[in-house]
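Just so you know, all these numbers are worked out from the coordinates, no wet-lab data involved. Predicted model only: the values in this text are computed from it and were never measured. Cβ placement follows ideal geometry from the backbone for every residue including glycine, while neighbour counts extend to all protein chains displayed.
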Amino acid sequence: MELLREHKIRTLIDIRSFPTSKVEHFKREEMEQWLPEHEVEYVWLGKELGGYRRGGYRAHMKTKLFRDGAKKLLELAEKQRVCIMCMETNPKYCHRRFVSAYLERRGVKVVHVIKKGQVSLMKFKEVMDISLREEDANP
């Protein structure tokens, strides 16, 4: 909660395909309860943006399902400050790097919240070779 407050996050977007955890309060059903108590909206977009995709995440990024999820994420971000979360702390080792690259290519400023007092402005669009021509043609 401290990290969300520190960064003035109003909506937490969970992009875990399987929104569960060994840590009880990080399970979807728990987060749906306690986040609103702290005035943070919880949204699960794991169906659209979650990892572990047959054929890999790059292939998934070319699907309508991914574009629909990205559109929902962008619509939420237009209204208030959001963050996306997954299980892996470092986005370098997580499918969030693909989502981040997609957003960066659309001019969205992406800040990676690592831990209290620390953020990263790592730019994934510059280090990843992702072909998004199809998505660019069908935003």
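Brief remarks follow.
- Ordering 66, 98 from the fewest to the most neighbouring beta carbons within 10 Å gives 66, 98.
- Remark: segment 2-137 is approximated by an ellipsoid whose semi-axes, taken from the C-alpha gyration tensor as √(5λ), come to 23, 17, 15 Å, largest first.
- Built amide H within the under 5 Å cut-off of residue 85, gap 5+: 13, 14, 15
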